[in-house]
1. Does Thr244 count as at pLDDT below 90, under 28 Å from the mean Cα position of the chain (by Cα) and either surrounded by fewer than 13 Cβ atoms within 10 Å (Cβ to Cβ) or over 21 Å from Leu179 (Cβ atoms) (or both)?
2. Could you tell me how many of the residues in segment 125-150 are in a helix (DSSP H, G or I), open to solvent by 10 Å² or more (accessible area, probe 1.4 Å) and either small (Gly, Ala, Ser) or under 30 Å from Val175 (Cβ atoms) (or both)?
3. If the Cβ limit is 9 Å and pairs must be 6+ apart or interchain, which residue in segment 134-163 that is farther than 16 Å from Asp115 by Cα and hydrophobic (A, V, I, L, M, F, W, C) pairs with which residue that is open to solvent by 50 Å² or more (accessible area, probe 1.4 Å) and part of a loop (DSSP other than H, G, I, E, B)?
4. Thr218 is checked against (1) hydroxyl-bearing (Ser, Thr, Tyr); (2) within 30 Å of Leu100 (Cα to Cα); (3) open to solvent by 20 Å² or more (accessible area, probe 1.4 Å); (4) part of a strand (DSSP E or B) and fails just one. What number does that condition carry?
5. Do we find a residue being more than 14 Å from Leu148 (Cα to Cα) and open to solvent by 30 Å² or more (accessible area, probe 1.4 Å) anywhere in segment 96-118?
6. Hey, among Val289, Val194, which residue is hydrophobic (A, V, I, L, M, F, W, C), in a loop (DSSP other than H, G, I, E, B) and touching a strand residue (DSSP E or B) at 6+ places or on another chain (Cβ under 7 Å)?
7. Where residues in segment 151-191 are part of a helix (DSSP H, G or I) and under 13 Å from the mean Cα position of the chain (by Cα), which of them is surrounded by the fewest Cβ atoms within 10 Å (Cβ to Cβ)?
8. Mind checking which helices (runs of 4 or more DSSP H) fall wholly inside segment 1-114 and carry at least 2 residues that are more than 30 Å from Lys320 (Cβ to Cβ) and modelled with pLDDT of 50 or more?
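The values are calculated or read from the model by the stated rules, or taken from the named source; none is laboratory data. None of the values given here were measured: they were computed from a predicted structure. As a convention, Cβ positions derive from the backbone with ideal geometry for all residues, glycine included, and neighbour counts pool all protein chains shown. Each accessible area value is taken on the protein alone, full model and side chains, heavy atoms only, with ligands, DNA and RNA left out. Shrake-Rupley method; radii C 1.70, N 1.55, O 1.52, S 1.80 Å.
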Amino acid sequence: MRRPLTCLILTLAPFTPAPWAAAQAVPPAVLHQNDMARGALKEVNSALKAAISSGSRNRLLAAIEKYNTVIADLANLEYQGLGNEVKVSRDLSYRAMASLLEVMTRNCEAGSLGDGMKAGELVRALDRNVQTTQGVGVAHIARIRARLPDCLALELHIDSSMTFIEANYRAHFEVKVPLTYNLGTGLYTGTGMVRRVHQSLEKSGCTATYTFRPTPFTVNRLELRLNGALGVQDVVLDDYDPGTTGETMTLLCPPAPPLPMAYMNWGTTFSTARRTSGNLSIDTWRIGVPVVKGVIASKSLSQDIVLREATDMLLVRPRKK
């Protein structure tokens, strides 16, 4: 007997099956009799049908897990002659998986990032099993693939002020990075442009002018980590490139001629601050803070070693157009 995709739904853990599901589980020992094995499959079928009708994510998960358990037990006992019964149960499990994908995607579209990410995990698991993919439906999975990136889209907002007190230098920059969820890796990537809000150097009798070249801030890897209730537990930004904005400064202190000079750009300063703090990976975010619609998490960065930095980062869901 061919083993089912036993580990498929286990990748969606942790979920605790409802008590009624555990109570109906059939002990493997009773499967040693053919009629009991058929009875176990009928129980599985009833659970799958009820879960499909309910449209409940947790009931679908519990029913599919129950199917996997019973089929695995039958395979271990090397049952013969139950091919027709197993096929009925297997087809129902495919319907349940298709329903589960639909339910989780719909929940994602209603606001649950966790459901969307778990739907992405299921799609990745299906990619590794051709038979199950065909059973669930190639066209159905393709429709889910098309819907998930939109409901999982995020934006990273950065508001950063740098101050060098000794030189009376102040700079303020903003970045907005649209983030796309990669269904193949389960990670976020994206690129947005660094924008200068303010830049000045105050020196008695002098004026400073700057050139500024907008540059991309690239996120190569941002990960959302979930808790057991499918809520966001932490955000980890551990691969990013703030770019090089290439500022240059011209200092004019009459009657001296203009003095062109290079100046530390924001991208380099941002990277230097992370290296100085010894934590290039930006994690341990505040989840759901500030309490504003669309905000997933926030992170404040500060240091007063190389210069004074106050950087606020927000991870938000973009407004629907």
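1. Yes: the conditions hold for Thr244.
2. Total satisfying the criteria: 8.
3. Correct list of pairs: Met162/Met264.
4. The failed condition is (2).
5. Restricting attention to segment 96-118, the residues satisfying the condition of being more than 14 Å from Leu148 (Cα to Cα) are 96-99.
Those left that are additionally open to solvent by 30 Å² or more (accessible area, probe 1.4 Å): none.
Looking through segment 96-118, none of the residues is more than 14 Å from Leu148 (Cα to Cα) and open to solvent by 30 Å² or more (accessible area, probe 1.4 Å).
6. The match here is Val289.
7. Restricting to residues being part of a helix (DSSP H, G or I) and under 13 Å from the mean Cα position of the chain (by Cα), the top hit is Cys151.
8. Of the helices (runs of 4 or more DSSP H) lying wholly inside segment 1-114, those with at least 2 residues that are more than 30 Å from Lys320 (Cβ to Cβ) and modelled with pLDDT of 50 or more span 34-54, 57-76, 83-109.
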